[in-house]
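Structure first, then comments.
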Amino acid sequence: MRKMLLAALSRLLQGSAAHKPGAVSEAARVVVAARNYADFANEASFDIKKYDLHRLEEGPPTTAIMTREQGLQYYRTMQTIRRMELKADQLYKQKIIRGFCHLYDGQEACCVGLEAAINKTDHLITAYRGHAFTYTRGVSVREILAELTGRKGGCAKGKGGSMHMYAKNFYGGNGIVGAQVPLGAGIALACKYFGKDEICLTLYGDGAANQGQIFETFNMAALWKLPCVFICENNRYGMGTSVERAAASTDYYKRGDFIPGIRVDGMDVLAVREATKFAADHCRSGKGPVVMELQTYRYHGHSMSDPGISYRTREEIQEVRSKSDPITLLKDRMVNNNLANVEELKEIDVEVRKHIEDAAQFATTDPEPSLEELGNFIYSNEPPFEVRGANQWIRYKSAG
């Protein structure tokens, strides 16, 4: 049947090629592409590195099924995040983006795996390294880059910048270290209070893991059995301090004490996906919270003011890139298991680069908000009112 369809397609294209100069090579390309796509596997099974468990008799599965469609989606999303962050790096060095800016390249498997395991109606809150989560929660690249450049078309109208981006069921982007963790527990409390079958993913870094407010939150979440997955993205350095120098115990997945914990390879998108599915099911079943530690790595420094090589070597960064890069790992899995070929993935790379360039063009040409808009959007659905400016004689009108 497949041969008959390809033969019919070939005759059809040859007929059109006879009436259109230069169409023969294009027709041949389409036929070859059709044959190649028809020969791809629909899905494949993959082994996952064994999880470390705390207070759990059973953990997530150590094998995962990934369909071709899922693999292509994950690859495109991860490449988009990588290219978006590299473009932000470029715009920052050109002094088009100013202020605080924390990049996520190297950690793409974390946000893509997390998002693949939850529903759009579920909730997510993170720290200030949040561009990627803003994207996976549904905000476009052009809105994110425009927010970074302080333009009207940004997702927070150009007023939030790198650390304060929001979307439906996404609560930022928070600038105070660790402060988003009790907020995430509050969101989970609301889910339970209103009887919704929803959970909250609450993310923080290894640098925030020693904060007292996190342990207070763990205690309340365990007492009230909140549907909250606490996720420590352990990228091995809190600013410029290694985890070994900052923590007496680096087993962050055990930090919840009476809360079950899982340690996950955060460079493997499938490991993150399966662990998050397991944790989400645990929360939805009324068993209370879970602590997840994602072992990952950031390629850039802590922020744009940090070159990232004063406390670690270039060789260390290169070793992670060569052995554990999340995009390369996914690409190799797909190619080696006949879910895609190199040419198809290269086409995605080209499309992503163009998409990022178009978004950057918008982010650098969209107008900045006017000074008169400074007081807007303080409250939602409130009638306009006056807002005092830098001194008592300056007044702005606030509109919501």
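The values are calculated or read from the model by the stated rules, or taken from the named source; none is laboratory data. What you are looking at is a predicted structure, and each value in this text was computed from that prediction instead of being measured. Neighbour counts are summed over all protein chains in view; Cβ atoms, including those assigned to glycine, are modelled from backbone coordinates with ideal geometry. Accessible surface areas use protein heavy atoms only, side chains included; no ligands, DNA or RNA. Shrake-Rupley method; radii C 1.70, N 1.55, O 1.52, S 1.80 Å.
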Could you tell me the accessible area of Leu223 in Å² (1.4 Å probe, neighbours in place), rounded to the nearest ten? 120 Å²
Distance between Cα centroids, region 191-242 to region 322-377: provide it in whole Å. 29 Å
The answer for the chain, accessible area per residue at 1.4 Å probe in Å², is 50 Å²
Portion, in percent, of the accessible area of the chain that falls on carbon or sulfur, probe 1.4 Å: 53 percent
Which entries of Lys120/Lys277; Lys168/Lys277; Lys87/Lys331; Lys93/Lys323; Lys93/Lys152 have Cα-Cα distances beyond 18 Å here? Lys168/Lys277; Lys87/Lys331; Lys93/Lys323; Lys93/Lys152
With DSSP loop assignment and no more than 13 other C-beta atoms within 10 Å, the chymotrypsin sites (Phe, Trp or Tyr not before Pro) in region 145-225 are Phe194
Can you pull out the chymotrypsin sites (Phe, Trp or Tyr not before Pro) in region 292-400 that DSSP calls coil and that have at most 11 other Cβ atoms within 10 Å? Tyr379, Trp393
Please build a GNM for the chain, connecting alpha carbons under 10 Å apart, and tell me which residue among Ala41, Ala132, Ala209 fluctuates the most. Ala41
Considering only the other residues whose Cβ falls under 13 Å of the Cβ of Asn42, what net charge follows from Lys and Arg at +1 and Asp and Glu at -1? -2
Calculated FRET efficiency for the pair Thr241/Glu216, C-beta based, R₀ 22 Å, to 0.05: 0.45
Would you pull out the residues with amide H under 5 Å of Phe385's amide H, same chain only if 5 or more places away, H placed 1.01 Å from N? Ser398
Amide H neighbours of Ala167 at under 5 Å, excluding residues fewer than 5 places away on the same chain, with H built from the backbone geometry, are Gly172
Taking region 198-332 as the region of interest, what is the percent of Cα-Cα pairs per 5 angstrom bin, listed from the shortest bin to the one with the maximum distance? 2, 10, 19, 20, 18, 14, 10, 5, 2, 0
Tell me, in nm to one decimal, what length is gained between Arg353 and Lys323 on full extension, where the rule is 0.36 nm per residue of separation less the Cα-Cα distance? 8.4 nm
Amide H of Ile231: which non-local residues (sequence gap of 5 or more, or other chain) have their own amide H closer than 5 Å, using H built in the peptide plane? Thr202, Leu203, Tyr204, Met292
What does the accessible area of Cys283 come to, in Å² to the nearest 10, when a probe of 1.4 Å is used? 10 Å²
Overall form of region 112-246 per C-alpha gyration tensor (a/c, 1.5; a/b vs b/c): oblate
Between helix 68-93 and the chain, what is the angle of the helix's C-alpha long axis to the longest principal axis, kept within 0 to 90° and rounded to the nearest 10? 60 degrees
